[in-house]
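Data block below; observations after.
The values are calculated or read from the model by the stated rules, or taken from the named source; none is laboratory data. In this text, all values refer to a predicted model and were calculated from it rather than measured experimentally. Counting neighbours? That spans all protein chains shown, and the Cβs are built from the backbone with ideal geometry, glycine included.
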Amino acid sequence: MSDTAIEATPSAPRPLAVGGLGYAGVGWWGMITVIVTEASLFGYLLFAYLYDAVKVDGEWLTAMPSVRFALPGVLLLLASSLAILWGSRAGAPERLRAGFLAALLCGAAFVALQLLEWHGKAFSIRSDAYGSMFYIITAIHLAHLLAGLLALALVLVWSMLGYFDSRRHDPVIIVAAYWHFVVGAGAAVFIVLYVTPHLW
Amino acid sequence: MEDIEFERIPRYVSATAAYRRGLGVIWETPPGIGGWLSSVDHKKIGICYIVTAFAFLILGGIEALVMRLQLIGPDRHLLTPEQYDQLFSTHGMTMIFLYAMPVLSGFSNYLWPLMLGSRDMAFPRLNALSYWIYVAAGLFMYAGFAIGVGPNDGWFNYVPYASRPYNPGMNIDFYALGMIYLGISTTVGAANFLVTVMRTRAPGMSVNRMPIMVWGTLTASAANILVVPAVSLAFFLLWMDRQFGTHFFDVSAGGQPLLWQHLFWMFGHPWVYAVVLPAMGMVSDALPIFCRRPLVGYTPVALSTVATMILGFGVWVHHMFATGLPNLALSFFSGASIIITVPSAVAVFAWTATIWLGRPVITTAFLFFSSMIVLFVIGGVSGFMTASVPVDWQLTQTYFVVAHLHYVLIGINLFPVVGAIYVWFPKMTSRLLDERLGQWNFWTMFIGFKLAFLPMHLTGLRGMPRRIYTFPDHMGWNILNLVSTVGAFVLAAGVLLLLVNVIQSLRSGRLAGANPWDGATLEWSVPSPPPSYNFAVIPTVVSRHPLWEDRLQESADRSTAIEGMLLDHGRETLATTLLDGDADAILKMPGESYAPLLLTVGLSGFFVGLLLHQWWLAAFGGAVATASIVGWLWPERALAQIAQPRHV
């Protein structure tokens, strides 16, 4: 073959999108796998809780868990998800930043409520299996939420640096998906830790 | 900085030397140690994976030989009970976690983009990360063994013996944290495989044209991201119990020891399939080359691969038949374990039919693949036997189970892997392995394996328990154990012959050319070793056997790796649609990066800090890791991740 270029034209050449592709990009698909594996983690975590709860000899709960902090917490999480949805629907950078900042503040308030709740508990992670489960589940959820807060902060910084427009905004949709997952996991944790005890 | 356009009509060209030179400049990893440490080339990473996995295989093999010396006859005391415990636990940990899965990841890393007609994996830097973490976690898990506190509770590490009161040393902590660390490698690797297969196949490679090995690794990867969290969580909870006085598994405070077994085997059994399905895929792809015909029953084999995995999620309790679970649970899991033989057997019939209907060429690789069928059937039958609850009650905890699991793991992992080395070594190195030495290699391994493990069925039926460090005379086990020990050394000699062959052939093996076996899939269309960019133009695929189309005459269409999209505006490859493999978008691919290595260093500091309770080190390592991730994910203009500056 010689070194000269030979152009071979296919039947119908058509333009293809290049690079940051939103829902067609690999970053988005990668986040789906992250969410699947992390959702599995919460599945096993809640399975472990319920397994120990069902199998225990005697009383599982030392006291009925109060929703004083948890209910406002989970409502804040749901509100943060709505803020993300509102912020990421439009191409406007101001609205994006407002939505993500609101979500960030809701998330931070959730962290504060969680710490307050931990502080006021009559039992510790060492008291019994219920105490161990309660603290480890809420702590693992909190760790995921803190990662989410860092990601929200990064999106805010990148938005202020002018990195996003209506075509290039992969981090926005990827971080939004992660945040919705963290909220969903928080809701699942709420149901198992605070609602199911009332069902038996 | 050059602007990246939003879309462009790719240039369709015929591959020429000039284009190849240009692509070489774009894709070549810089020479030297810096290039090696920052490389994201899937071929380099794949070979590193395979070499590292073989190093662990040799370590695990030496451990096995020491144990066999102890068991060569009755009342031997070469090892103390504690040393023996650490040896069998480390042997299991090494072979199952540090050899069996990583070696398959190595082959898949190397072969996938070449088979799929792409220029790299979907996430090249993530690929480097999964390798570095694998190495770091492997060293971490071996560090305890090296200083005399290796894991000592078997590879499945049951509580309460693994709990602090019964096991106060650091043994289990090394294992627990190391497994969590290794889990990160497995998970990111699996995520990478999944997205790669979904997004970066060559145009025209619809799902029904993917090589079976791709199906195997795809299935295993899907399983991994679903089940690895179970074992990571189990080890994390155990570590908490041991170090912080929690009570997850402590029955005196409301915990459940059986929770460990559930979490472990929910992971463990799917994992067993994950370490064999890709290897079965290699046989499905490579055995037909030596039978000179396509695989019989492509569709049933592909579907049964997936079906085996799905059923594999529902059989974990067959490891727990003797733990006093209710009869209903035992019946269900026994039934599921028996049914799973149906999809497993599909591949066996397909391979047998392929040999039967083909014109077999008896190469070393053919011998390894065809003998694998025999070993698979024997290992499958012994597994089928123990799927029955009453038989399991009789045989559990005996050498029968040891025989079964070695037939399965050596038979369906090591034998296909060695066969695969004979097949793809020429692609990786441009040189063929020596066939004469190869025949010696095969027969030594095969006879050694049979001598070592066939008698173990009988040893188990005669009641010898597993994991005992020595045994008394007059139990009727002496001769059987002697034969097993002799066989183990013959098997080891066989593996040694493989290494000799590899080292010799690297220097003076016959040159292979692009397609020494006349294979049918895309990796055989590129030179050996393949260039850094894999394909000069993105290939177009119109059938399952792109290089056999002239012979098979299935249709008038022809696949081509000569004419196609050039994609040379920096590192680029093509994204295609999920099912049909239609051209969809142009992906910008990252170049060399130190971020994966730096992240691994940070994580290693984090885990060492946790192990030693040096919280400052854990915090510092965590901070380095976080900073690496932020730097890694920071949008880059060259990767088209940043909006264009507004042109006023």
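Miscellaneous remarks
- Residue A:127 meets each of the listed conditions (1) touching a residue at least 12 places away in the same chain (Cβ under 8 Å); (2) in a helix (DSSP H, G or I) apart from (2).
- Pairs with Cβ under 7 Å, 6+ apart, first in the range B:628-639 and crowded, with 17+ Cβ neighbours inside 10 Å and small (Gly, Ala, Ser), second in a helix (DSSP H, G or I) and modelled with pLDDT of 95 or more: B:628/B:595; B:628/B:598; B:628/B:599; B:628/B:602
- Pairs meeting the criteria (first residue in the range B:253-268 and facing chain A (nearest Cβ under 7 Å) and under 13 Å from residue A:44 (Cβ atoms), second residue buried (at least 21 other Cβ atoms within 10 Å of the Cβ) and among the small types (Gly, Ala, Ser), beta carbons under 6 Å, at least 6 apart or on different chains) are B:259/A:48; B:263/B:230; B:263/B:234.
- Applying the set (1) over 24 Å from residue B:188 (Cα atoms); (2) within 14 Å of chain A (Cβ to nearest Cβ); (3) crowded, with 20+ Cβ neighbours inside 10 Å to residue B:582 leaves exactly one unmet item: (3).
- Any chance residue B:623 is within 11 Å of another protein chain (Cβ to nearest Cβ) and either among the small types (Gly, Ala, Ser) or in contact (Cβ under 8 Å) with a residue 60 or more places away in the chain (or both): no
- Meets criteria (buried (at least 19 other Cβ atoms within 10 Å of the Cβ), touching a residue at least 40 places away in the same chain (Cβ under 8 Å) and within 14 Å of another protein chain (Cβ to nearest Cβ)) for residue B:15: yes
- Looking across the range A:105-137, the residues that are within 14 Å of chain B (Cβ to nearest Cβ) and surrounded by 16 or more Cβ atoms within 10 Å (Cβ to Cβ) come down to A:125, A:127, A:128, A:129, A:130, A:131, A:132, A:133, A:134, A:135, A:136, A:137.
- The residues listed here are B:476, B:487, B:494; of these, the one that is touching a Gly at 6+ places or on another chain (Cβ under 9 Å) and more than 27 Å from residue B:372 (Cβ to Cβ) is B:476.
- Going through (1) under 18 Å from residue A:195 (Cβ atoms); (2) at the interface with another protein chain (Cβ under 10 Å from one of its Cβ atoms); (3) among the aromatic types (Phe, Trp, Tyr); (4) under 21 Å from the mean Cα position of the chain (by Cα) one by one, residue A:60 falls short only on (4).
- Among the residues of the range A:157-172, those identified as surrounded by 17 or more Cβ atoms within 10 Å (Cβ to Cβ) and either assigned to a helix (DSSP H, G or I) or more than 11 Å from chain B (Cβ to nearest Cβ) (or both) are A:158, A:159, A:170, A:171, A:172.
- Residues of the range B:348-381 satisfying the condition of being within 22 Å of residue B:316 (Cβ to Cβ) and either touching an Asp or Glu at 6+ places or on another chain (Cβ under 6 Å) or surrounded by 19 or more Cβ atoms within 10 Å (Cβ to Cβ) (or both): B:376, B:379, B:380
- Scan of the range B:585-618 for residues that are farther than 25 Å from residue B:177 by Cβ, within 14 Å of chain A (Cβ to nearest Cβ) and touching a helix residue (DSSP H, G or I) at 6+ places or on another chain (Cβ under 8 Å), ordered by number: B:585, B:587, B:589, B:590
- Residue B:214 vs. criteria away from chain A (no Cβ under 13 Å), assigned to a helix (DSSP H, G or I) and at pLDDT below 95: no
- Filtering the range B:217-236 to residues that are more than 7 Å from chain A (Cβ to nearest Cβ) and closer than 21 Å to residue A:54 by Cβ leaves only B:234.
- Every residue from the range B:185-205 that is in a loop (DSSP other than H, G, I, E, B), closer than 14 Å to residue B:215 by Cα and not hydrophobic (A, V, I, L, M, F, W, C): B:201
- Scope the range B:76-105; condition over 18 Å from residue B:406 (Cβ atoms) and crowded, with 24+ Cβ neighbours inside 10 Å; matching residues: B:102, B:105
- Only one of the listed residues (A:139, A:143) is within 13 Å of the chain's Cα centre (by Cα) and closer than 21 Å to residue B:622 by Cβ. That residue is A:143.
- Enumeration of residues in the range A:42-56 that are in a helix (DSSP H, G or I) and either more than 9 Å from chain B (Cβ to nearest Cβ) or surrounded by fewer than 20 Cβ atoms within 10 Å (Cβ to Cβ) (or both): A:43, A:46, A:47, A:49, A:50, A:51, A:53, A:54, A:55
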